[in-house]
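Input: a single structure, listed below in structure tokens.
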Amino acid sequence: MSSPGWTLQALPQMSDQQFQQWQELLEDRTGIFLAEQRKSLLQSSLMTRMRELECTDYQEYYDQIVHGPMGRIEWAKLIDRLTVQETRFFRDPEAFKYVAQFIQSQRDHIDRKNPLDIWSVGCSSGEEVYSLAMLAHEVLSQTDQQEEFMITGTDISVPVLNKAREGLYSSRRVEVLNQHYLDTYFDEEPKGYSVKPEVKRQTCFAQVNVLEIDQSPQTQRHIIYCQNLLIYFRRWRRQEILNQLVDRLLPGGLLLIGMGEIVEWQHPQLTPVKGESVTAFIKRKI
Ligand SMILES: C[S@@+](CC[C@H](N)C(=O)[O-])C[C@H]1O[C@@H](n2cnc3c(N)ncnc32)[C@H](O)[C@@H]1O
């Protein structure tokens, strides 16, 4: 330990003006809106990183990020501390149940030339992507189409994407999975459970900031799964992002978002799915 006295130092107080500056930077670059009540959370997240850099001044650190020669690299590291990355396998069972039904309904349209294409937006460390992969495999294996799907996971944070690509999870993280899933889709290793290479082959991960979807490929997908991401954004921005996701959905495709993440949003090309257990929409065919 280089300077134990330093790590024990109390956090400097952030002024209202400094908070506003950081709040604006975060929202401009990620869309995440931090309400005033979350100031202490911002402060402690910044401090964790500032301690590593032995920097004691919020302003100095801000200037480093915005104007410094290594600003972009530092921002990429910081963003990992500022975003909520909580996730787990099959986090929303009702949503996954609905996706399974949807995949079932699409089986006649899926073949090698037209594999099922699923996008997990804001995928964090990959549990959502691998849950979708296991689910697709289970449903499609009933008709020998078990390999005719591809799941893309995207996130703004490079470190979580690296974890996702690695696909290694502790026994605590996989304890929600039954023995069949563990045996079929994971290899047990000294450090935990590793997603089998053949499952990984059907997934891919890429850095995409949802504020910049317009710069990503125009690919249209069968399913877009976007949960627990929009909740951090202001309402107008949630709507704007959803409108862009609709453009990336195939006619007849499914858009699934988290319960309560959007209210009173309609889109002329979408039909809402009836029922109270999921917030989902199907894109009209014409
Ligand atoms: C709470 S996690 C949700 C993970 C997963 N979807 C789930 O429901 O379990 C939110 C994820 O969104 C990512 N995120 C935040 N802002 C983003 C942005 N502007 N673009 C893309 N991903 C973002 C975070 O890095 C984080 O991994």
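Apart from one condition, ALA100 fits all of (1) open to solvent by 10 Å² or more (accessible area, probe 1.4 Å); (2) in the same structural domain as ARG248 (by TED's automatic domain parsing); (3) touching a Lys or Arg at 6+ places or on another chain (Cβ under 8 Å); the exception is (3). Among the residues of the stretch 43-96, those that are open to solvent by 80 Å² or more (accessible area, probe 1.4 Å) and free of Cβ contacts under 8 Å to residues at least 12 places away in the same chain comprise GLU52, GLU60, HIS67, PRO69, MET70, ARG72, ILE73, PRO93.
Yes/no per residue for (1) under 19 Å from the mean Cα position of the chain (by Cα); (2) away from the ligand (no atom under 14 Å from the Cβ); (3) in contact (Cβ under 8 Å) with a residue 24 or more places away in the chain:
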{"site": "ASN228", "(1), (2), (3)": "yes, no, yes"}
{"site": "LEU242", "(1), (2), (3)": "yes, no, yes"}
{"site": "GLU264", "(1), (2), (3)": "no, yes, no"}
{"site": "THR279", "(1), (2), (3)": "yes, no, no"}
{"site": "ARG284", "(1), (2), (3)": "no, yes, yes"}
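Looking at this structure, is VAL210 in contact with a Leu (Cβ under 8 Å, 6 or more places away or on another chain), open to solvent by less than 50 Å² (accessible area, probe 1.4 Å) and either within 18 Å of VAL160 (Cβ to Cβ) or in the same structural domain as PRO159 (by TED's automatic domain parsing) (or both)? Judged against the criteria, VAL210 is a match.
The values are calculated or read from the model by the stated rules, or taken from the named source; none is laboratory data. Predicted, not measured: the structure shown is a model, and the values here were computed from it. Ideal geometry is used to build each Cβ from the backbone, glycine not excepted, and the neighbour counts take in all protein chains shown. In case anyone asks, the SASA skips ligands and DNA or RNA and just uses the protein heavy atoms, side chains included. Shrake-Rupley method; radii C 1.70, N 1.55, O 1.52, S 1.80 Å.
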